[in-house]
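Enquirer: This is the structure, below, for whatever I ask next.
Read-outs: derived from the displayed coordinates by stated rules, not from any lab. What you see is a predicted model, and the numbers here were worked out from it, not measured in a lab. A quick note on method: Cβ atoms are made from the backbone with ideal geometry, for glycine too, and the neighbour counts reach across all protein chains shown.
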Amino acid sequence: MDISKEEKELIKWAFIAAKKAYSPYSHFCVGAALLTAENGIYLGCNIENSSYGATNCAERTAIFKAVSDGIKSFKAIAVVGYLEGNESTDYAYPCGICRQVMSEFCEPDFKIIVAKTQDDYKVFTLSELLPQSFGADNIK
């Protein structure tokens, strides 16, 4: 799947966001860059907690920051992840909770870009990574 210039730029911003990760337990840094419908960018990093359950993923951090600013319409997100000191690892896919949060605010064709490097990436739609999702229509 092709990505736009703006979406390609998200990969760069995701790597910048990953540098801000607070990951003293896993030492796995994750960064996300979220593209709004108006072409704004929100960054997020993973923020760990010693109880683990209180940890927040990079993707949710970016989405929650945008929503807290009143933004609820998004085009794409880029996600990168790596062990501290090694910026080249495998693709870092969003976890199930992050996919569910995306389904709350994003359309099925929302693009999810997972990248190893600026030029080595894969692109999926939300519906590809979260088929048959549970959403607001299920509780009406």
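Enquirer: Quote the FRET efficiency, to the nearest 0.05, computed for K8 versus A136 with a Förster distance R0 of 30 Å and r equal to the Cβ-Cβ distance.
Expert: According to the calculation, E is roughly 0.40.
Enquirer: Hey, what number do you get for the chain at 222 nm if only DSSP H runs of n ≥ 4 count, each worth -39500 (n - 2.57), divided across all residues, to the nearest 500?
Expert: Calculated mean residue ellipticity at 222 nm is -8000 deg cm²/dmol.
Enquirer: Okay, moving on. So for V80, V67, V114, fewest C-beta neighbours within 10 Å to most, what's the order?
Expert: The most exposed by this proxy come first: V67, V114, V80.
Enquirer: Once the convex hull of the alpha carbons of the stretch 27-83 is built, what does its volume come to per residue, in cubic angstrom?
Expert: Roughly 66 Å³ of hull volume per residue.
Enquirer: Separate question: How big is the charge dipole of the chain about its Cα centre, in debye rounded to the nearest 20, if each Lys and Arg gets +1 on its Cβ and each Asp and Glu gets -1 on its Cβ?
Expert: 220 debye
Enquirer: Follow-up question, since we're still on this one. Suppose a student asked you for the relative contact order of the chain, using Cα pairs under 8 Å spaced at least 6 residues apart; what percent would you report?
Expert: 21 percent
Enquirer: Please identify, among N56, N86, N39, the residue showing maximal mean-square fluctuation in a Gaussian network model of the chain using a 10 angstrom Cα cutoff.
Expert: Greatest mean-square fluctuation among the candidates belongs to N86.
Enquirer: In addition: Given a Förster distance of 22 angstrom, what is the FRET efficiency for S73 paired with F28, based on the Cβ-Cβ distance and rounded to 0.05?
Expert: Once the sixth-power term is evaluated, E becomes 0.15.
Enquirer: Over the Cα atoms of the chain, how large are the radius of gyration and the largest Cα-Cα distance (Dmax), in Å?
Expert: 14.2, 48
Enquirer: Just how large is the dipole of the stretch 61-109 about the Cα centre, in debye to the nearest 20, putting +1 at every Lys and Arg Cβ and -1 at every Asp and Glu Cβ?
Expert: 180 debye
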